[in-house]
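S.K.: Handing you this structure, nothing more for now.
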Amino acid sequence: MTRSVPVSAVLSALIASPTNWLYAAWAHPMAMVYMVLGLIALTLENVGVPDVTVFGDSITAKYLVEIGLMICGVGFAMAVAMDWGLRRTGWWPRQMRIVAIAVVTGVAAASLFGMPDAFLARFYPYLFWQVGAVALALYFALRPPRDVPTPDAAQLTGWYGGQRVLLSAATTWVLATILGAGVTVALIALDELLGFHVSSDVYAEVWILAYALVWPMSFLVGAELALPEETHERRPVPETPPRWIAVTVGWALIPLALLYLVILYIYLVQLMLGMATDLVSVAGLNAAYLAFGVATHTAALPLARAGNGLALAYRRVFPWSVPAPLAALIWALSLRLFEYGMTEPRAILTVVVLWLVLLLLVWMARGAAAGPATPVGLLGVLLLLSGNGHWGVQSVSMASQDRALRDLLAEHGMMNESGQAVPAVEPLPEAQAERVVDLLEYFDERASNFRIAYLFPAEQGTADERIVYLDLESVAPRVITSLTLEAEPDRNTVPVSGYDEVVPLSVIFGGNTDPIRVGEYALEVEGLTLTVRPEGGPPQMFGLAPLLDAARAGRSPEDLDATLEGVVSLAPDVMERTATGANGWRARLAVDMLNLRHDGTGAPDGMEVLSLDGLLVVDRPQE
């Protein structure tokens, strides 16, 4: 029996033959370019990108790095997919493939740069493109060479090619993880045993190198072994499936897929009998079960061709078991869309539903002739097409929510004759008022207030202003923001001269004001004040507000009005506070990390302490 698992081949290629690295770089030059650029962008994110203007008044270095990371992720996967797909035609030379990849990723880059400067405005198009590019790469990996004589042999050849690519990705990920963990442990030993201070940025850079350099480079080497450019160099198809595949698919995937299918049908029967009524909330779970069934259907191909009875039965039965749960999924999605309109998460579910419908039609029309590449190919094309454009996830969702807002305002008499929004004459029901606020926040979170500017006076440009204008501030949710203050560089020592006791602190308050005991001390927080109550001693009170003032003081002038959030590093001496109690008691608090939650206003009553890590040193008076 011919071995199909290329683990030893991949590892030996990585370790013993550097020419394989060079050949992988030569075979996928654009993937290498995006890998290097992504590595540079991640390193800049790690060390800190200055938020300075680069082009015009709005293009900053930080903005360029964030966009660049997305482009590099999509570009790497798309470059691999296009290299595999175009070179198999025989009439796309290497130079033409480079140009084609550059054009396609350039269009994606221009689209991302043209989107509003907000994370949510770019995230979902990027997510669709990234997953779509990966699916397209897997599609071409599963496609068999053109010179395979029979359809059955072609499908098996393609299946094993895709399996070797996936195994290469998993194997090299484990290799990169082991390497990153090994170097991290060595750095910890240097810090703890030999006293060499190692910054947290160094630890982060180790994992950046592991996952942004070692993993993709090693994957390209393994992928070239699995799918060589010359088809005659491909490994032959095993006579029988390897034992690990038989065990994984026959004893795990197929039984689980059948179990999920049984659960789905039992739930559908309960719905028909009125024993269950919640069809909408389980739509995502329904889609996940069906997608798992499709993956299992593809994975069972070699076992079915080898005569395994369970695999044969599953591949024959599963396509005919899809219509009923798929119809329920379509109905549940329709109810959600008619009630609340399209949003990006519902667009994901919509794409999955459309994929399952098209795949079912292909199975019904072509039967066994539909190869293992068909499911991922359909999914990849749908995701790539849905990423942007007038039919894209962002445009369709924005148009749907715009229409929902107009309909809601018109329903409650909040539209004047000129088509602009006005406050309601009578107070809205709370649920409807909250719905209006949610819709206004939807556009604000995506920096897309301009899309509904025609509904409001020119001076009402933000969601907060429009909420006040519509007299809905009583139901507007408070925006909860998290902030972490950390000591940087790490504190190596804490002076303890003149103190009697050192107490390590790692306390999670979770916003509660109830006392938490740490040894002989009870700790409680109220606002930005930490009170430490020793047994038999007076309370020691530490004001934490100066730490917040120091965080604000370190901001650039253009950021002064922005909400304080994320991670802010302060010098270790700034993160220390002292307290003096009655009868000669005194204490010092050395904070290593302070996690806060606040409503964005900066007011003390809007602050909550979530957790605190550091050291408490206490001087007890002599009795």
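The values are calculated or read from the model by the stated rules, or taken from the named source; none is laboratory data. Please read all numbers here as calculations on a predicted model, not as lab measurements. Cβ placement follows ideal geometry from the backbone for every residue including glycine, while neighbour counts extend to all protein chains displayed. For accessibility, only protein heavy atoms count, side chains too; no ligands or nucleic acids. Shrake-Rupley method; radii C 1.70, N 1.55, O 1.52, S 1.80 Å.
S.K.: Within region 116-147, work out how many residues are over 20 Å from residue 37 (Cβ atoms) and open to solvent by less than 20 Å² (accessible area, probe 1.4 Å).
M.R.: 8
S.K.: Among (1) within 30 Å of residue 452 (Cα to Cα); (2) touching a His at 6+ places or on another chain (Cβ under 6 Å), where does residue 318 come up short?
M.R.: That leaves (1) as the condition not met.
S.K.: It is to be established whether one or more residues within region 87-109 are under 16 Å from residue 220 (Cα atoms) and either surrounded by fewer than 21 Cβ atoms within 10 Å (Cβ to Cβ) or not charged (D, E, K, R) (or both).
M.R.: Yes: region 87-109 contains one or more residues that are under 16 Å from residue 220 (Cα atoms) and either surrounded by fewer than 21 Cβ atoms within 10 Å (Cβ to Cβ) or not charged (D, E, K, R) (or both).
S.K.: Check off (1) within 31 Å of the chain's Cα centre (by Cα); (2) crowded, with 18+ Cβ neighbours inside 10 Å for residue 278 and give me the number that stays unchecked.
M.R.: Condition (2) is where residue 278 drops out.
S.K.: Additional query: Out of region 485-502, which residues are closer than 17 Å to residue 544 by Cβ and open to solvent by less than 30 Å² (accessible area, probe 1.4 Å)?
M.R.: Scanning region 485-502 gives 485, 487.
S.K.: Scan region 405-444 for residues that are without any contact (Cβ under 8 Å) to a residue 24 or more places away in the chain and of a type in the set (Asp, Glu) and report the count.
M.R.: Residues in region 405-444 being without any contact (Cβ under 8 Å) to a residue 24 or more places away in the chain and of a type in the set (Asp, Glu): 6 in total.
S.K.: Whether any residue in region 390-404 is among the basic types (Lys, Arg) and open to solvent by 30 Å² or more (accessible area, probe 1.4 Å) is what I want to check.
M.R.: Checked against the condition, which is being among the basic types (Lys, Arg) and open to solvent by 30 Å² or more (accessible area, probe 1.4 Å), region 390-404 yields at least one hit.
S.K.: Could you please tell me which pairs satisfy a Cβ distance under 8 Å, a separation of 6+ or placement on different chains, a first residue in region 543-558 that is within 23 Å of residue 532 (Cβ to Cβ), and a second residue that is open to solvent by 50 Å² or more (accessible area, probe 1.4 Å) and at pLDDT below 80?
M.R.: 545/604
S.K.: Confirm whether residue 257 is surrounded by 12 or more Cβ atoms within 10 Å (Cβ to Cβ), touching a Ser or Thr at 6+ places or on another chain (Cβ under 8 Å) and either in the same structural domain as residue 137 (by the TED database) or not in a helix (DSSP H, G or I) (or both).
M.R.: No: the conditions fail for residue 257.
S.K.: Another question, if that's okay. Identify, by number, the condition in (1) farther than 28 Å from residue 240 by Cβ; (2) at pLDDT 95 or above that residue 282 doesn't meet.
M.R.: (2)
S.K.: Does region 225-239 hold any residues that are open to solvent by less than 60 Å² (accessible area, probe 1.4 Å), under 20 Å from residue 86 (Cβ atoms) and either part of a loop (DSSP other than H, G, I, E, B) or modelled with pLDDT of 85 or more (or both), and which are they?
M.R.: 227, 228, 234
S.K.: Another one. Within the group 33, 47, which residue is open to solvent by 70 Å² or more (accessible area, probe 1.4 Å) and modelled with pLDDT of 75 or more?
M.R.: Sole residue among the options that is open to solvent by 70 Å² or more (accessible area, probe 1.4 Å) and modelled with pLDDT of 75 or more: 47.
S.K.: Being among the small types (Gly, Ala, Ser), open to solvent by less than 60 Å² (accessible area, probe 1.4 Å), assigned by the TED database to the domain that holds residue 89 and over 19 Å from residue 77 (Cβ atoms), is that true of even one residue in region 161-179?
M.R.: No, region 161-179 contains no residue that is among the small types (Gly, Ala, Ser), open to solvent by less than 60 Å² (accessible area, probe 1.4 Å), assigned by the TED database to the domain that holds residue 89 and over 19 Å from residue 77 (Cβ atoms).
S.K.: Sort out which residues of region 524-540 are free of Cβ contacts under 8 Å to residues at least 40 places away in the same chain and in a strand (DSSP E or B), and write them in order of number.
M.R.: Within region 524-540, 524, 526, 529, 531, 533 qualify.
S.K.: Within the bounds of region 460-479, is there any residue that is under 31 Å from the mean Cα position of the chain (by Cα), touching a residue at least 60 places away in the same chain (Cβ under 8 Å) and under 30 Å from residue 548 (Cα atoms)?
M.R.: yes
S.K.: Please return the ranges of helices (runs of 4 or more DSSP H) entirely within region 380-479 where 2 or more residues are farther than 23 Å from residue 338 by Cβ.
M.R.: By residue number, 430-445, 463-469.
S.K.: Every residue in region 552-573 that is aliphatic (A, V, I, L, M), open to solvent by less than 70 Å² (accessible area, probe 1.4 Å) and either closer than 27 Å to residue 537 by Cβ or modelled with pLDDT under 85 (or both), please. Break it down into steps so the answer makes sense when it comes.
M.R.: Filtering region 552-573 for residues aliphatic (A, V, I, L, M) gives 553, 560, 562, 564, 567-568, 570-571.
Then keep just the ones that are open to solvent by less than 70 Å² (accessible area, probe 1.4 Å); that gives 562, 564, 568, 570-571.
Hits for region 552-573 are 562, 564.
S.K.: Related question: Any idea which of (1) of a type in the set (Val, Ile, Thr); (2) under 26 Å from the mean Cα position of the chain (by Cα); (3) more than 23 Å from residue 227 (Cα to Cα) is the one residue 53 doesn't satisfy?
M.R.: (2)
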